[in-house]
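The values are calculated or read from the model by the stated rules, or taken from the named source; none is laboratory data. Since we're looking at a predicted model, the values are computed, not measured. Here Cβ is always computed from backbone atoms with ideal geometry, including for glycine, and neighbour counts include all displayed protein chains.
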């Protein structure tokens, strides 16, 4: 079977780059994705893991508040189900996670709080 998930949203915090035991780079970040319109608008939180060169680029050029479009696959917990948690108001919620295959930088270079001067970076880059 084949599945692809495409989401667009804003980074909720600066990305976090780490290195696996084998030296492979992984960058974790969370996107706030708006669903619906007007009074029915809700925000869905999607945790994303980017790997390799994509991880390095996201960590170097993206920061809290920047817009991204991410294409990838849905990632479930070890038991194959989403992570379920209890919110502070007592209701249940589920956490969505994905492995990024393509990351596109959206919006202008002046949006959010860029980590570096990005004069040479185009507005839309595919990794």
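Checking 58, 103, 70 one by one, the residue that is surrounded by 15 or more Cβ atoms within 10 Å (Cβ to Cβ), touching a helix residue (DSSP H, G or I) at 6+ places or on another chain (Cβ under 9 Å) and under 22 Å from residue 19 (Cα atoms) is 103 and no other.
Residues of the range 25-52 being at pLDDT 95 or above and exposed (fewer than 12 other Cβ atoms within 10 Å of the Cβ), which ones? Correct list: empty. Looking at the range 2-58, the strands (runs of 3 or more DSSP E) lying wholly inside it that each contain 1 or more residues that are touching a strand residue (DSSP E or B) at 6+ places or on another chain (Cβ under 7 Å), under 21 Å from residue 95 (Cα atoms) and in contact (Cβ under 8 Å) with a residue 40 or more places away in the chain sit at 5-11, 16-19, 42-51.
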